[in-house]
Each structure stands twice: as structure tokens, then as C-alpha cells.
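Worksheet: the structure to be examined is printed underneath.
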Amino acid sequence: MNALVAFFAHPGRATLAALASIGRVALFTLRALGAAVRPPYYFGRLLEQMLIIGWFSLPVVGLTAVFTGAALAQQIFVGGSRFNAESTVPAVTVIAIVRELGPVLGGLMVAGRVSSAMAAELGTMRVTEQIDALTTLRTDPFQYLIAPRLVAAVLVLPLLVLVSNALGVMGGFLIGTQRLGFNVTSYLATTRQYLEWDDVSSSLVKAAVFGFIIAMMGCYHGFRSMGGAAGVGRSTTNAVVSAFVLILLANLIITVLVFGT
């Protein structure tokens with residue numbers, strides 16, 4: 001009997017720890033959402049975060065999209081040439097970029113840059129007791145620190161993904177017309193023909209969800225930092241890893257359950 005209890009003890013502790021973590025994240029999320037819709041609103045902080053998340057992330061997102069679109073068009077051409085389907089390059093490229101690669105790669109790049117920055121900033125504020133000082137001054141840390149970041153990420157990510165989609169398609173267009181021998185007019189006509197509104201709407205929905213995940217993971221891990229500089233480092237790593245995993249999971253769920261038909 002003791003051996004049986006010992007056998008199940010470790011997975012049991014792991015399961016309870018996982019459930020406790022999910023509960024803490026859920027409670028933190030509910031409190032953050034409540035702070036986002038309840039006055040006072042810090043519009044200056046909101047605009048600042050929109051600039052940091054959106055404008056400063058544009059170069060890395062844009063370069064990633066251009067390079068990915070160009071490489072994707074080249075690979076589609078190579079694969080299609082094996083069964084005489086080279087003409088599918090424009091259609092497959094635009095669908096793949098807009099529906100999948102644009103929002104996912106854009107979300108991952110922003111997560112790597114923004115989630116880590118949020119976790120590091122809030123973690124430093126936590127271990128240096130600046131968050132406690134805000135509470136002492138009768139300022140709700142959730143309204144002042146977390147709500148602006150959350151709202152800004154949800155608003156800005158769809159705009160970033162729109163730019164990412166356009167630049168990714170442009171990268172495929174450049175490779176297709178300059179290297180693979182496609183006619184400029186026919187390439188653009190095929191791209192317009194096969195791009196549908198459902199593709200764009202699914203991309204924007206994914207972007208908004210990814211923005212929520214990015215901000216929430218960065219704020220959650222940063223807000224709960226402890227243990228000095230080493231704790232801030234762990235929080236930063238956990239924020240990025242959890243954001244990456246949840247973005248990929250959310251992408252699968254949205255793709256299969258919402259836009260899978």
C-alpha cells in the first residue's frame with residue numbers, strides 16, 4: 001500500500017501544482033480584465049505602451065515577414081515543380097502567409113521582444129518594492145501597470161499582423177517575379193483572386209488573441225517575481241516560454257475550431 005501511494009505521489013503533486021498554476025493565472029486574468037474596464041483610465045500609459053509594443057516591434061516583424069514570404073515562395077516552387085504545379089506559388093503563398101505564418105510568426109516575434117520586456121520591467125519593480133509603493137499611494141497596480149499593457153497589445157497586434165501579412169506577400173512576390181520567372185501582372189491577379197475575407201478575418205482574430213496572451217504572460221510572471229535579480233531572470237524566461245506555447249496552442253484551437261471549415 002505504501003509503495004502504491006509513493007508511486008502516485010509524484011504525478012499527483014505535479015497535477016496539483018499544475019492546477020494551482022492554472023488557477024492563479026485565471027484569477028490574475030480576471031482581475032486584469034476588471035481593471036481594464038473600470039475607471040480611472042490612464043490614456044497616457046496606454047499610448048506609451050502602444051508605441052512600445054507596436055512601433056518599436058515593426059522592424060523585427062517586418063523583416064521576419066519579408067524573409068519568410070520569400071523563402072516560402074521558393075520552397076513552394078521547388079515542391080510544386082515535382083508534379084508540375086509551379087503555377088500554385090502565388091495562391092499558396094498568400095493563403096499560407098495570411099492565414100498562418102503572418103499572425104503566428106508576428107506573434108512569436110512580438111512575444112520574444114515584448115513579453116520579456118514586460119516581465120523584466122514589472123519584475124524589477126516588484127523586487128525593488130515600487131509596486132508596493134504604488135499601493136501605498138492608493139494607486140491600483142493593475143489599473144496603472146497591467147491594464148494599459150493588456151489593452152495596447154490587443155489593439156496593436158492586429159495592425160502589426162496586417163503589416164506582416166502585406167510584407168510577407170511582398171517577399172513572395174519579389175522572389176516569384178525576380179527569380180522564379182512569374183509575370184508581375186499574373187502574379188498579382190492570382191494573389192487577389194485567391195485571397196478571401198475569411199483569410200484576413202482569421203488572421204486578425206488570431207492577432208488579437210495573441211496580443212492578449214503576450215501581455216498577460218509578461219505581466220503575470222513579472223508581477224509575481226521574487227528573489228532579486230535571479231528571480232527577475234526566471235520570470236523573464238518563463239514569460240517568453242509560456243507566451244510561445246500558448247500562442248501555438250491558441251493558433252491550433254482557433255484554426256481547427258473557429259476557422260476550420
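The values are calculated or read from the model by the stated rules, or taken from the named source; none is laboratory data. Because the structure is predicted, anything quoted here is derived from the model rather than measured. Glycine also receives a Cβ, built like all others from the backbone with ideal geometry; neighbour counts cover every protein chain displayed. To get the accessible areas, we keep the full protein, side chains included, count just its heavy atoms, and leave off ligands, DNA and RNA. Shrake-Rupley method; radii C 1.70, N 1.55, O 1.52, S 1.80 Å.
The residues in the stretch 203-215 that are open to solvent by 50 Å² or more (accessible area, probe 1.4 Å) and of a type in the set (Phe, Trp, Tyr) can be counted, and the count is 1. The conditions of being out of contact with any Leu (no Cβ under 6 Å at 6 or more places or on another chain), closer than 30 Å to Met125 by Cβ and not in a helix (DSSP H, G or I) are not met by Ser235. What do you reckon, is Thr15 part of a helix (DSSP H, G or I), free of Cβ contacts under 8 Å to residues at least 24 places away in the same chain, loosely packed, with under 13 Cβ neighbours inside 10 Å and β-branched (Val, Ile, Thr)? Yes; evaluated as a whole, the condition is true for this residue. Among the residues making up the stretch 29-51, those that are of a type in the set (Phe, Trp, Tyr) and surrounded by 12 or more Cβ atoms within 10 Å (Cβ to Cβ) are Tyr41, Tyr42.
I'm trying to understand the selection: among the residues of the stretch 19-28, which are within 20 Å of the chain's Cα centre (by Cα) and open to solvent by 80 Å² or more (accessible area, probe 1.4 Å)? Within the stretch 19-28, Ile22 is the sole residue that qualifies. Every listed requirement among (1) open to solvent by 30 Å² or more (accessible area, probe 1.4 Å); (2) in a helix (DSSP H, G or I) is met by Gly168 save one, (1).
When the criteria are applied in full, Gly102 meets the requirement of being assigned to a helix (DSSP H, G or I), touching a helix residue (DSSP H, G or I) at 6+ places or on another chain (Cβ under 8 Å), touching a residue at least 60 places away in the same chain (Cβ under 8 Å) and closer than 23 Å to Leu246 by Cβ. In this structure, Leu134 does satisfy being in a helix (DSSP H, G or I), free of Cβ contacts under 8 Å to residues at least 12 places away in the same chain and open to solvent by less than 40 Å² (accessible area, probe 1.4 Å). Cβ-Cβ contacts under 9 Å between residues 6 or more apart (or on different chains), taken from a first residue in the stretch 180-202 that is part of a helix (DSSP H, G or I) and open to solvent by less than 70 Å² (accessible area, probe 1.4 Å) to a second residue that is of a type in the set (Phe, Trp, Tyr) and modelled with pLDDT under 90, are listed as Thr190/Phe182; Asp199/Phe259; Ser201/Phe259; Ser202/Phe259. Of the residues making up the stretch 238-256, those that are free of Cβ contacts under 8 Å to residues at least 60 places away in the same chain and either among the acidic types (Asp, Glu) or open to solvent by 40 Å² or more (accessible area, probe 1.4 Å) (or both) are Val241, Val245, Leu246, Leu249, Leu252, Ile253, Val256.
Among the candidates Gly218, Gly231, which residue alone is touching a residue at least 60 places away in the same chain (Cβ under 8 Å), closer than 13 Å to Gly112 by Cβ and open to solvent by less than 30 Å² (accessible area, probe 1.4 Å)?
Gly218
Scanning the stretch 74-83 for residues that are surrounded by fewer than 10 Cβ atoms within 10 Å (Cβ to Cβ), out of contact with any helix residue (DSSP H, G or I) (no Cβ under 6 Å at 6 or more places or on another chain) and not in a helix (DSSP H, G or I) turns up at least one hit. Scanning the stretch 172-179 turns up one or more residues that are at pLDDT below 90, open to solvent by 50 Å² or more (accessible area, probe 1.4 Å) and either under 30 Å from Ala32 (Cβ atoms) or in contact with a helix residue (DSSP H, G or I) (Cβ under 9 Å, 6 or more places away or on another chain) (or both). Between Val61, Val104, Val89, Val94, the distinction of being under 15 Å from the mean Cα position of the chain (by Cα) and open to solvent by less than 10 Å² (accessible area, probe 1.4 Å) belongs to Val61 only.
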